[in-house]
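The values are calculated or read from the model by the stated rules, or taken from the named source; none is laboratory data. Computed from a predicted structure; not experimentally measured. When we count neighbours, we look across all protein chains shown, and the Cβ atoms used for this are built from the backbone with ideal geometry, even at glycine.
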Amino acid sequence: MDPFVNPFRELLKQPSVPLGTWLMSGAESTAEAMGCAGFDWLVVDMEHVPIDYKDAYHILQAIAGTRATPVIRLAWNDVVMVKRALDIGAQTLMFPFVQNAEDAKRAVASTRYPTATDLTGTRGFAAMHRASRYATAPEYGKRANDGIFKMIQLETPAAIAKLEEIAAVDGVDALFMGPGDLSASMGVIGNVADAKVQAALKDAAARAKAVGKPIGIVGPTPEMVGQFIDWGYSYVAIASDMGMMMRQANAMITALKPSLAKAVSSSVY
């Protein structure tokens, strides 16, 4: 893959809605398996998963052998965290809890090297790392900015109220709704299906479409994700690796409980 062509940007050019999932296990083997399963994109979650940059480095390597595109969700909108993520080869970053245009501007600046015509970039420069193909990518320092995709996550009513001004910030490539934190900030923590949360999510999709900015979201079930697609979300994710594993494990345990109980009762003399 050309390091100056962003794979997520290419995904959004396709006619279908790209489908992703969250990687919550923090394991390279699971990340590789999810990539082989057929997902278009995978979120390496450094916000809520106890993985460090070395772990993320290996997870990115595992995903690179599959058809999926990795997205790193940062722990925070922090210039040092961004620099380290980019240097290990992340090309698509998700910035959590952006509240206004100033937060968005800071996020964008942290992904950019300063250039002769624009000195606003704050990304620190190093020549030798995975992102530059270990200094084999020609003119990486001059061309790297074009290969980075920035997702800005809106997770509160206050952030949604400023959707248009955040979307208008130069360098913001896409928006992403955080329904879990949104539900918490609306007083119904964890209840993404709540009517007022759903109304806010539907409104955000319509407003993003009106200003021509791609917007993504994650949902817990195929039915809810299908609803999000109908509302006009540009890219969607379903559950997580751990969520799918636990759901299937619980279903299997539940299905076997009658047989287990029968075996116990028949063994009593």
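For this structure, a couple of remarks:
- Residue match in the range 119-138 (condition: at pLDDT 95 or above, among the aromatic types (Phe, Trp, Tyr) and at positive phi): yes
- Residue among ASP181, ASP203 that is outside any strand (DSSP E or B), acidic (Asp, Glu) and surrounded by fewer than 17 Cβ atoms within 10 Å (Cβ to Cβ): ASP203
- Filter result for PRO15 (in a loop (DSSP other than H, G, I, E, B), at pLDDT 95 or above, more than 15 Å from the chain's Cα centre (by Cα) and within 23 Å of PRO222 (Cα to Cα)): yes
- Filter result for the condition that a residue is assigned to a loop (DSSP other than H, G, I, E, B) and touching a residue at least 12 places away in the same chain (Cβ under 8 Å), over SER29, SER25: SER25
- Subset tally (residues that are buried (at least 16 other Cβ atoms within 10 Å of the Cβ) and part of a helix (DSSP H, G or I)) for the range 112-144: 2
- The lone criterion from (1) more than 21 Å from the chain's Cα centre (by Cα); (2) surrounded by 14 or more Cβ atoms within 10 Å (Cβ to Cβ) left unmet by PRO258 is number (2).
- Test: residue in the range 213-223 that is among the aliphatic types (A, V, I, L, M), modelled with pLDDT of 95 or more and surrounded by fewer than 16 Cβ atoms within 10 Å (Cβ to Cβ): no
- On the stretch given as the range 112-160, residues that are out of contact with any Lys or Arg (no Cβ under 7 Å at 6 or more places or on another chain) and touching a residue at least 12 places away in the same chain (Cβ under 8 Å) total 30.
- Every test in (1) more than 19 Å from the chain's Cα centre (by Cα); (2) surrounded by 15 or more Cβ atoms within 10 Å (Cβ to Cβ); (3) within 23 Å of ASP55 (Cα to Cα); (4) not polar (S, T, N, Q) is passed by MET151 save one, and that test is (1).
- ALA193 in contact (Cβ under 8 Å) with a residue 12 or more places away in the chain and over 19 Å from PRO70 (Cα atoms): yes
- Taken over the range 224-235, the criterion of being surrounded by 21 or more Cβ atoms within 10 Å (Cβ to Cβ) and hydrophobic (A, V, I, L, M, F, W, C) is satisfied by PHE228 alone.
- Qualifying positions in the range 206-225 - within 17 Å of GLN99 (Cα to Cα) and either in a helix (DSSP H, G or I) or more than 17 Å from the chain's Cα centre (by Cα) (or both): ARG207, ALA208
- Filter result for ARG112 (among the basic types (Lys, Arg), out of contact with any helix residue (DSSP H, G or I) (no Cβ under 6 Å at 6 or more places or on another chain) and within 24 Å of LEU12 (Cα to Cα)): no
- Residue that is surrounded by the most Cβ atoms within 10 Å (Cβ to Cβ), among those in the range 1-19 that are under 15 Å from LEU60 (Cβ atoms) and in contact with a strand residue (DSSP E or B) (Cβ under 6 Å, 6 or more places away or on another chain): PHE8
- Residue match in the range 22-36 (condition: under 20 Å from ILE152 (Cβ atoms), of a type in the set (Val, Ile, Thr) and either at pLDDT 95 or above or surrounded by 15 or more Cβ atoms within 10 Å (Cβ to Cβ) (or both)): no
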